[in-house]
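Take a look at the structure set out below.
The values are calculated or read from the model by the stated rules, or taken from the named source; none is laboratory data. Everything numeric in this text was worked out from a predicted model, so none of it was measured. Don't worry about glycine lacking a Cβ; one is built from the backbone with ideal geometry, like all the others, and counts go over all protein chains shown. Heavy atoms of the whole protein, side chains included, go into the accessibility calculation; ligands, DNA and RNA do not. Shrake-Rupley method; radii C 1.70, N 1.55, O 1.52, S 1.80 Å.
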Amino acid sequence: MSKDFYEILGVSKDSSNAEIKKAYRKMAHKYHPDKDGGDEAKFKEVNEAYQTLSDSTKKSQYDQFGQTFDGAGGPGSQGGGGAGFGGFDFSDFQQGSGGQGFEFNFGGGGAGDIFSEMFGGGGERGGGRGREVQVDIEIDYSQVIKGAIKEVSVYKSVHCSHCDGSGGEPGAKENTCKTCSGSGQVQKTMQTILGTIAQAAVCDDCMGKGKTFDKKCTKCKGVGHYREEVIESIDIPAGINDGQSIAITGKGEIGEGGAPAGDLIITVHVVPDSRFVRDGYDIRTIEHINFAQAALGDKIDIETVEGLVKMKIPAGTQSGEIYRIRSKGIPKLRGIGRGDHLVEVIVDVPTKLSRKEKKIIEELRHL
Ligand SMILES: [Zn+2]
Ligand SMILES: [Zn+2]
């Protein structure tokens, strides 16, 4: 409750949802840890602020009490230590614990919330599923139309093939871990406002394996996995929109103790194209014609996402009329067919007339 979520996002208390979302996206982009000059702590803070301010219930609680009363066990909180202490905010306390395998998991957030898309994997400790990894990519309009295969570099923990995850250098002698007597777990106690809580935690010395080796794996330093840059090939479906995410199961961080890996979440950003405005699966453009074309009709070239297309302007076209070129819009995601290209026609009235033009129009006046 010490943090000012409004200040973190740089918005005022009466900002609209859209303004909050916009500010969040800007900040999240700025501090994204995968970027040069990114800042993971700030990034998390920004996400925490957004998680509260984007949820009307949490926001009104926060406005009223300066904190939220979020129970454990939101949609994003499988795995982990998820203790069910509904009705309290343990976030400060959680930060203070720092203990391995001990975590009050408040990673709630509404389904479909950007926060849960990024961090929804939940339990990254205590044998839980691996963490989600979030990566942003940029594509251009032609890739929206045709779809694309993009290679992205993902920095994540991977299984150590040198020791096959055991943590021991191949051929090294195995010993039972002295710290945990081979169980892989130790009891940790901590003082909380509810009294002393004892909790089984993963043994730090053997990383929960119950065994140590007289020589640790030289590649992973005995951990069984290590972090590295992995190139993943991402199939971007045609029709994807700016800000949409693709989840790839099992391509995130490795899970502890044989648990499944987390997901890789790819957030797609579409580089704006000044020629086209997207409206759902349709494209909207504006075309200027002169009044002779409007009155007499014409055939003009329209630039669509698929190249030039001839469009008929019927005689008697009024300014502001919208013509539809069928199936020249955006392909539909996971569907058959595509949107249309809508052309708004603006009839320009000339501001300067030659002597001859003026004469002809004068004649029109007297008809
Ligand atoms: Zn290894
Ligand atoms: Zn141990």
Suppose a student asked you for the relative contact order of segment 277-365, using Cα pairs under 8 Å spaced at least 6 residues apart; what percent would you report? 33
Please report the net charge: other residues with Cβ closer than 12 Å to the Cβ of PHE291, K and R +1, D and E -1. -3
For segment 1-55, listing trypsin sites (Lys or Arg not before Pro) in a DSSP loop whose Cβ sees at most 10 other Cβ atoms within 10 Å gives LYS13
Starting from 0.36 nm per residue, how many nanometres of slack lie between ASP63 and GLU357 once their C-alpha separation is accounted for? 99.3 nm
Students often check this: by mean Cβ neighbours within 10 Å, which of 138-146, 357-365, 199-207 ranks highest, and how do the rest follow? 199-207, 138-146, 357-365
A student applying the Cα gyration tensor rule (rounded when a/c is under 1.5; otherwise prolate if a/b is larger than b/c, oblate if not) would label segment 140-214 oblate
Fraction of accessible area attributable to carbon and sulfur, segment 277-365 (%, probe 1.4 Å): 53
Can you give me the distance in nm between label points at LYS312 and ALA198, each placed 7 Å from the Cα along the Cα-to-Cβ direction? 8.7
Which GluC sites (Glu not before Pro) in segment 286-325 pass both tests, a DSSP loop state and at most 16 other beta-carbon atoms within 10 Å? GLU306
When Lys and Arg each count +1 and Asp and Glu each count -1, what net charge do the other residues less than 14 Å away from THR317, Cβ to Cβ, add up to? -2
With the cut-off at 24 Å, tell me which of the pairs LYS35/LYS59; LYS156/LYS221; LYS44/LYS150; LYS178/LYS251; LYS13/LYS35 have Cα atoms farther apart than that. LYS35/LYS59; LYS44/LYS150; LYS178/LYS251; LYS13/LYS35
Please arrange GLU232, GLU45 by accessible surface area, largest first, computed with a 1.4 Å probe and ligands excluded. GLU45, GLU232
For segment 277-365, what does the accessible surface come to per residue with a 1.4 Å probe? Please give it in Å². 67
Among the lysines, select those whose C-alpha is under 28 Å from the C-alpha of LYS310, and discard any that sit fewer than 8 residues away in the same chain. LYS146, LYS299, LYS328, LYS332
When only DSSP loop residues count, what trypsin sites (Lys or Arg not before Pro) in segment 220-251 have their Cβ near at most 16 other Cβ atoms within 10 Å? LYS221
Modelling each spin label as a point 7 Å along the Cα-to-Cβ direction, I'd like the SER327/GLU232 distance in nm, to one decimal. 3.5
Summing Lys, Arg as +1 and Asp, Glu as -1, what charge do residues with Cβ under 9 Å from the Cβ of LYS3 carry, LYS3 excluded? -4
At 0.36 nm per residue, minus the direct Cα-Cα distance, what do LYS221 and VAL158 gain on full extension? Give it in nm, one decimal, please. 21.3 nm
